[in-house]
Every structure is written in structure tokens, then in C-alpha cells.
1. Describe numerically, in nm with one decimal, the distance between label points set 7 Å from Cα along Cα→Cβ at K19 and at E98.
2. Taking 0.36 nm per intervening residue step and subtracting the Cα-Cα distance, what contour gain separates S53 from W89 on full extension?
3. Find how much the distance from S62 to Q80 grows on full extension, using 0.36 nm per residue of separation minus their present alpha carbon separation; answer in nm with one decimal.
4. Report D for the chain in µm² per second (integer): Stokes-Einstein, Kirkwood Rh on Cα pairs, 25 °C, 0.890 mPa s.
5. Number of Lys pairs in the chain with C-alpha atoms less than 12 angstrom apart, excluding same-chain neighbours closer than eight positions?
6. With r as the distance between the Cβ atoms of N45 and I109 and R0 = 22 Å, compute the FRET efficiency 1/(1 + (r/R0)^6) and round to 0.05.
7. Once both labels are modelled 7 Å past Cα along the beta-carbon direction, what's the N9-T26 spacing in nm?
Amino acid sequence: MAKYLIDVNLPRRFGLWNKEEYLHQTDIDARMKDRHIWEYAENNNLTIITKDSDFGHRIMFSEPPPRVIHIKFGNMGMAQFYDKIHEAWDEVLAMSDEYKLVNVYRDRIEGLK
């Protein structure tokens, strides 16, 4: 059963997210608007994983579900992106259980309630 909805702006073919608890937006509809992604995640009790700041802003004025994991790496190559995600992912998921918004930076992770 899915727990996480990966926004279309993140890689679909990524081994870490190639498990049944991860659902990529392209598996639903690659052209979904942000509000439809939000509603889908809300109705299915999913955490949105995204690089889109709109979701991070929206959760600040809402209560879960959904929760949001906002990846804020900026521009970087795919190999470096994979390395950073692998390095931080266990901590990100643990924080996501406690915080409604988890911001993932290159050098730190922040949770906001």
C-alpha cells in the first residue's frame, strides 16, 4: 500500500523509491495540477515528496494529511542527487512521521510542525 506520492518533478526511476509504498505521479496522471495532487494525497493519506515550493507553503496553513517532504537541493547532477537522498533518507522518513513538513537541504534536514 502506498504511503508516499512522488511529484512529477522528481525522478521516476530511482531504486530507493522503487517499492510498493511509493507511488509516482506519472502512474496516476503526469499532467495533474498541484491542487489535484494535493487532493489525491489528502484522500489517500499520502505524504507528498516534491521539489515544488507550493506544497511546502500550502502545508503551513493546513493539517495533515497530506504531509510534505520538500527536497531543496537546488541544481545538481543526478549522481549527486542520488547520493544526497540515500545519505539522508532514513532520517527524512523518521522526521516525516513527526512533522507535517520536512525540508531537505544539501547540508541539513528541518522539520516543521
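All of the numbers you see were taken from the coordinates with simple rules; none came from a lab. Nothing here was measured: the structure is a model prediction, and the numbers come from that model. Glycine gets a Cβ as well: all are built from the backbone with ideal geometry, and neighbour counts include every protein chain shown.
1. Result: 2.0 nm between the two label points.
2. This chain segment gains 11.0 nm when fully extended.
3. 3.2 nm
4. For these conditions, the coefficient is 176 µm²/s.
5. 4
6. It comes out at approximately 0.45.
7. Calculated label separation equals 1.7 nm.
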